[in-house]
Amino acid sequence: MAGKVSGGGGGKGLDVNADPNVIPFIDIMLVLLIIFMIAAPISTVDIEVSMPQSKIQPSQRPPRPTWVSITDSGGGIEVYVMNDLVALQDVGQRTYEAVQANTPLIADDDFEVKDQRIYIRADSEIAYRRVVQVMNQLQNRGFSKIGFVAEDRRR
């Protein structure tokens, strides 16, 4: 009960109490808990249902990303397609072969191969014109979706 008995003072009555009475709330919650405990097993009735067979093919895994890495080699640059060192003039063709190897389902379709995104990552000391040279080699081979990868240094 939420009554408050004052200690003395004339017998005029009880003081007003501003504390909420939570006992009816607790009673209601306990009754609802009992109702749900009784009703839950009733809703799990085993009924056999014959489901139709699916005609949809499962979705394909996305292709492995193709990386082109550019590092500084003391005056020049070294270009890697995936993990293989490649000459600058061969970057386009080797990237094309790497995309074909990463996505065997579209390896025969020239348009689909060229439509894949190529990721470029470069050392911070590399001049931007060197990165543009690599991008030009990729664009000459037909790749138009090129993305840059940056290192997250917040950690």
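So the values come out like this:
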read-out: Within the chain, percent of DSSP bridges classed antiparallel, to nearest 5; value: 50
read-out: 0 to 90° range, to nearest 10: angle between helix 23-42 axis and the chain longest Cα axis; value: 60
read-out: DSSP bridge orientation in region 66-148 - percent antiparallel, rounded to nearest 5; value: 50
read-out: Descending principal axes extents, region 20-86, alpha-carbon based, whole Å; value: 81, 50, 13
read-out: Calculated Rg and Dmax of the chain using C-alpha coordinates, Å; value: 35.3, 104
read-out: Simple label model, 7 Å out from Cα along Cβ direction - S54 to Q93, nm; value: 4.3
read-out: Against the rule of thumb 2.2 N^0.38 Å, how large the Cα Rg of region 66-148 comes out; value: 1.05
read-out: Per-pair calculated FRET efficiency, R0 = 41 Å: A40 and F148 via Cβ, rounded to 0.05; value: 0.15
read-out: Among I35, I126, I118, residue whose mean-square fluctuation peaks in a GNM of the chain (springs only between Cα atoms under 10 Å); value: I35
read-out: Sorted peptide list for 128-141, 85-98, criterion being average Cβ within 10 angstrom, highest first; value: 85-98, 128-141
read-out: Amide H partners (placed H, <5 Å) of D115, local residues excluded; value: none
read-out: Crossing angle, helix 91-102 versus the chain [Cα axis fit, 0-90 degrees, rounded to tens]; value: 50
read-out: Folded to 0 to 90 degrees: helix 128-140 orientation relative to the chain principal axis, Cα; value: 80
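Readers should treat all values here as calculations from the given coordinates under stated rules, not as data from a laboratory. Because the structure is a prediction, the values reported are computed rather than measured. Glycine also receives a Cβ, built like all others from the backbone with ideal geometry; neighbour counts cover every protein chain displayed.
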